[in-house]
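K.L.:
I have a structure I would like to understand better, so I am pasting it below and will then ask my questions one at a time.
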Amino acid sequence: MRKLILSAVLATAAAPALAASGPFFSLANTNFVVLIAFLLFVGVLVYFKVPGMLGKMLDDRADTIRGELDEARALREEAQTLLAQFERKQREVSEQAGLIVQHAKADAEEAAKQAKVDLEKSIARRLKAAEDQIASAEANAVREVRDRAINVAIAAASEVVAKGMTESDATAMIDESIKVVDAKLH
């Protein structure tokens, strides 16, 4: 505050005040009147403590700016912390995704192996079923051929026997057959 008053006095005591014509301490001298008005203005400012208020306002503004800077630093540090956390989480998620892909590949390979084993078993079952069908058809064919051969042989034997057999021989054979059937049934 003293520096302000001193600078004001020095400013008014400059060369233009000395260059005025006539006595300096006269109310007719405009420089003197301006000096007195300026000193009164500065006095009023000092009386109402305007320099202190201006200093206080500047100090408050400096404190506000300092607080905002501190808050900005805190926010920056918090943002850096959050960024580090997100980067760490991103790495973790990336690692987990890699593990999931590896597990999926392993599961797919295992499923392919199991499908191959199941396919081989299915093919083996179908081959076995086909072989069984072929064996069954072969047995049926052999049985049919044998039955047909038996029927043909019986028919041929019947003809031979019928041609070479007399009525008394036929009666004897029928009686014999009845005895055999009777013995086997009882």
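The values are calculated or read from the model by the stated rules, or taken from the named source; none is laboratory data. Everything numeric in this text was worked out from a predicted model, so none of it was measured. Backbone-built Cβ (ideal geometry, glycine too); neighbour counts: all protein chains shown.
K.L.:
Scan region 27-70 residue by residue and report those that are surrounded by 12 or more Cβ atoms within 10 Å (Cβ to Cβ) and among the polar types (S, T, N, Q).
P.N.:
Within region 27-70, N29, N31 meet the criteria.
K.L.:
Here is a follow-up. With the structure loaded, tell me whether E167 is surrounded by 10 or more Cβ atoms within 10 Å (Cβ to Cβ), on the phi < 0 side of the Ramachandran plot and among the acidic types (D, E) or whether it fails that test. Let's see the steps before the verdict.
P.N.:
Numbers: surrounded by 10 or more Cβ atoms within 10 Å (Cβ to Cβ): no; on the phi < 0 side of the Ramachandran plot: yes; among the acidic types (D, E): yes.
No: the conditions fail for E167.
K.L.:
Something else now. Would you confirm, using the coordinates I've provided, whether Q80 is in a helix (DSSP H, G or I), surrounded by 10 or more Cβ atoms within 10 Å (Cβ to Cβ) and modelled with pLDDT of 95 or more?
P.N.:
For Q80, the condition - in a helix (DSSP H, G or I), surrounded by 10 or more Cβ atoms within 10 Å (Cβ to Cβ) and modelled with pLDDT of 95 or more - is met.
K.L.:
Of the residues E144, E131, E138, which single one is surrounded by 10 or more Cβ atoms within 10 Å (Cβ to Cβ), of a type in the set (D, E) and within 60 Å of the chain's Cα centre (by Cα)?
P.N.:
On the way: E144 fails: within 60 Å of the chain's Cα centre (by Cα); E138 fails: within 60 Å of the chain's Cα centre (by Cα).
Step by step, each of E144, E131, E138 is checked, and only E131 is surrounded by 10 or more Cβ atoms within 10 Å (Cβ to Cβ), of a type in the set (D, E) and within 60 Å of the chain's Cα centre (by Cα).
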